[in-house]
Amino acid sequence: ASVVFCSAGKAEGKTLTAMNFTLACVSSGMKALLIDADIRRPWMHTVLGLNRSPGLSDVLADKLDWRDAVRDSAAISATGAGFHELHKFPGIENLNVLTCGAPYGDVTDLMDRADWPALMEDLKEEFDIVVIDAPPVLAFLDSLIAAKHSDGVVLVYKAGKMGRDALKRAKEQILGANANVIGVVLNSVHRSDMYSYYDYY
């Protein structure tokens with residue numbers, strides 16, 4: 001299975017949400033691949049203490065095979081940076097990461113020209129779950145391109161960060177790309193705010 005995590009705008013917590021979801025998957029015994037598809041504003045490689053390249057952009061540009069770009073848990077632990085306690089996490093041997101790759105001029109064109117069906121078929125044969133951290137939907141088309149080749153999309157929404165209309169527009173754009181929204185993650189919601197969110201939905 002493959003799941004895209006994205007948000008309407010920036011700084012809503014999508015990267016950490018995608019990473020935590022992936023860790024939950026590996027803890028349950030699933031072999032997982034976490035992909036940083038936010039090529040313009042990557043952050044995952046910094047958190048994990050990895051080099052950004054080789055990574056996704058290099059694979060999409062046909063510069064190398066994805067197998068040569070994926071880092072396994074041993075490579076992540078060997079950096080001694082980022083999540084220095086990661087090696088103690090249950091099932092961490094099931095974690096694999098594909099960083100964003102080298103900077104690229106026209107990222108949308110790169111994403112659009114890539115052979116996503118073949119890549120996703122390969123990845124889903126190798127991994128139980130493929131988790132893709134994608135850029136904000138309302139800022140770039142990259143998320144929509146990745147989304148339409150995934151099994152589902154999770155929208156991450158930070159309360160008070162963006163207007164609720166922005167969340168609605170993001171959902172409509174995803175559905176317009178023939179992708180499937182399978183859930184919404186609410187961040188920074190206080191207990192006192194919950195009734196207003198229930199009323200909204």
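The values are calculated or read from the model by the stated rules, or taken from the named source; none is laboratory data. Please read all numbers here as calculations on a predicted model, not as lab measurements. Reconstructed Cβ throughout: ideal geometry from the backbone, glycine too, with neighbour counts over all protein chains shown. Remember, those area values only see protein heavy atoms, side chains included, never the ligands or the DNA or RNA. Shrake-Rupley method; radii C 1.70, N 1.55, O 1.52, S 1.80 Å.
Here are the numbers:
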| quantity | calculated |
| --- | --- |
| Enumeration of residues in segment 156-187 that are farther than 23 Å from PHE127 by Cβ and touching a Gly at 6+ places or on another chain (Cβ under 8 Å) | LYS158, LYS161, MET162, ALA166, ASN187 |
| Segment 27-43 residues that are within 11 Å of THR15 (Cβ to Cβ), paired with ones that are open to solvent by 10 Å² or more (accessible area, probe 1.4 Å) and β-branched (Val, Ile, Thr) (beta carbon under 7 Å, 6 or more apart) | TRP43/THR15 |
| Residues that are surrounded by 19 or more Cβ atoms within 10 Å (Cβ to Cβ) and either closer than 16 Å to PHE127 by Cβ or touching a helix residue (DSSP H, G or I) at 6+ places or on another chain (Cβ under 6 Å) (or both), drawn from segment 24-43 | CYS25, VAL26, ALA32, LEU33, LEU34, ILE35, ASP36, ALA37, ILE39 |
| Any pair with Cβ under 8 angstrom, 6 or more apart, that starts in segment 95-108 at a residue that is surrounded by fewer than 18 Cβ atoms within 10 Å (Cβ to Cβ) and ends at one that is assigned to a loop (DSSP other than H, G, I, E, B) | ALA102/ARG52; ALA102/SER53; ALA102/PRO54; ALA102/GLY55; PRO103/ILE39; THR108/PHE140; THR108/LEU141 |
| Test: residue in segment 58-66 that is among the β-branched types (Val, Ile, Thr) and either within 20 Å of SER7 (Cα to Cα) or modelled with pLDDT under 95 (or both) | no |
| Qualifying positions in segment 43-63 - over 16 Å from ARG113 (Cα atoms) and not in a helix (DSSP H, G or I) | TRP43, GLY49, LEU50, ASN51, ARG52, SER53, PRO54, GLY55 |
| Filter result for SER57 (over 20 Å from ASP128 (Cα atoms), crowded, with 24+ Cβ neighbours inside 10 Å and not basic (Lys, Arg)) | yes |
| Index of the failed condition, THR46 passing every other in (1) over 22 Å from LEU175 (Cα atoms); (2) open to solvent by 20 Å² or more (accessible area, probe 1.4 Å); (3) touching a residue at least 40 places away in the same chain (Cβ under 8 Å) | (3) |
